[in-house]
1. I need the phi-derived Karplus couplings for segment 209-225: 6.51 cos²θ - 1.76 cosθ + 1.60, θ = phi - 60°, integer Hz, Gly and Pro marked x.
2. For the chain, report the translational diffusion coefficient in µm²/s to the nearest whole number, using Stokes-Einstein at 10 °C, 1.306 mPa s, and a Kirkwood Rh over Cα pairs.
3. Taking only the alpha-carbon atoms of segment 29-106, what semi-axes of the equivalent ellipsoid follow from 5 times the gyration tensor eigenvalues under a square root, in whole Å, largest first?
4. Could you work out the percent of alpha carbon pairs in segment 134-234 separated by over 24 Å, rounded to a whole number?
5. What is the distance, in nm, between label points placed 7 Å from the Cα along the Cα-to-Cβ direction at His104 and at Asp44?
6. Which parts of segment 44-71 would a label at Ser83 reach, counting a residue when its backbone N lies under 14 Å from a point 7 Å out along Cα-to-Cβ?
7. Sequence gap at least 6, Cα distance under 8 Å: using those rules, report the relative contact order of segment 103-251 to the nearest whole percent.
8. Give the shape of segment 21-170 as rounded, prolate or oblate, defined through the alpha-carbon gyration tensor: a ≥ b ≥ c are the square roots of its eigenvalues, a/c under 1.5 means rounded, and otherwise the shape is prolate if a/b is larger than b/c and oblate if not.
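Since every read-out is calculated from the coordinates, none of them should be taken as a lab result. Just so we're clear, the structure is a prediction, and the values are computed from it rather than from any experiment. We place every Cβ from the backbone using ideal geometry, glycine too, and count neighbours over all the protein chains shown.
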Amino acid sequence: MIPDLDDGPATIEDSLALFRVAFGAGTSTIIATPHVSWDYPAVDAATVQARVGAINAALREASIELEVEIGAEIALSRIGDMSDAEIALLRLGGGPYSLIECPHAGGAAAAIEEMLRRLAGSGHSILLAHPERCPVFQSNPHLLPALVGAGMLSCITARSLTGDFGSRAREYAWELLAAGHVHAIASDAHDAVGRPPDLAPTLARAGLNDSQIEYFAFSSPRAIIDGAPVPRAPRVPAPRTRRWSLRRRPR
């Protein structure tokens, strides 16, 4: 949502269009999570802080009643070159959690698990971004439950539940929800049209009820940002039209 920084909006006008859609969908607070990865080497904590300040000034000038808070989506490949202090500056909303991107391609399950456990062992609280869209997690269905059991949290993308990211991501997203391994759902918005921030409407379209939407889009994310205990998730049954299982599928 920060213009001309990564793969989000190109201009401030595009950003404001995104924020208007978010406000219209009932959102009042947004965490900016630009990619901190080697694809965008210029993105660092100082840049994100300055750009978020400029965005909030633009929102006030445009009379859009939204507040943007600092965050980042940090790639595992970038972690080794960042200090603990810089990682801390990019925690979500100034709270205790760092959003760590699950790789879209490549990587060995054992290596990913080791890197995440090492990061957690350094005192960082971890929220895993879109594991349902990560081939390594899809192919190793016991990996995410193990990491959640070790104290990490997971956040899936709303449009994964509706099939916008493909059938496998949809299938795995519903598996994780039904198994209780999801703690938040995000829009992962990139623009006002193609990947808009219509979080609650998308979750309603996917079939979640009001109490489930309130938990995954509001109360649990608020607890994560505030560093409060994450409330117990409501039960989300798997869709009856398919048979879902966290067991490894035959190749």
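1. Values, residue by residue: 8, 4, 5, 5, 4, 4, 5, 6, 9, 10, 5, 5, x, 5, 5, 4, 5 Hz.
2. Numbers: Rh = 18.4 Å.
Answer from the Stokes-Einstein relation: 86 µm²/s.
3. On the way: eigenvalues 116, 30, 27 Å².
After scaling each eigenvalue by five and taking roots: 24, 12, 12 Å.
4. Details: 1021 of 5050 pairs.
Value for segment 134-234 (Cα pairs over 24 Å): 20 percent.
5. Between His104 and Asp44, the simple spin-label model gives 2.5 nm.
6. Residues 45-46 fall inside that zone.
7. Working: 191 pairs, mean separation 30.4, N = 149.
RCO, segment 103-251: 20 percent.
8. In terms of gyration-tensor shape, oblate.
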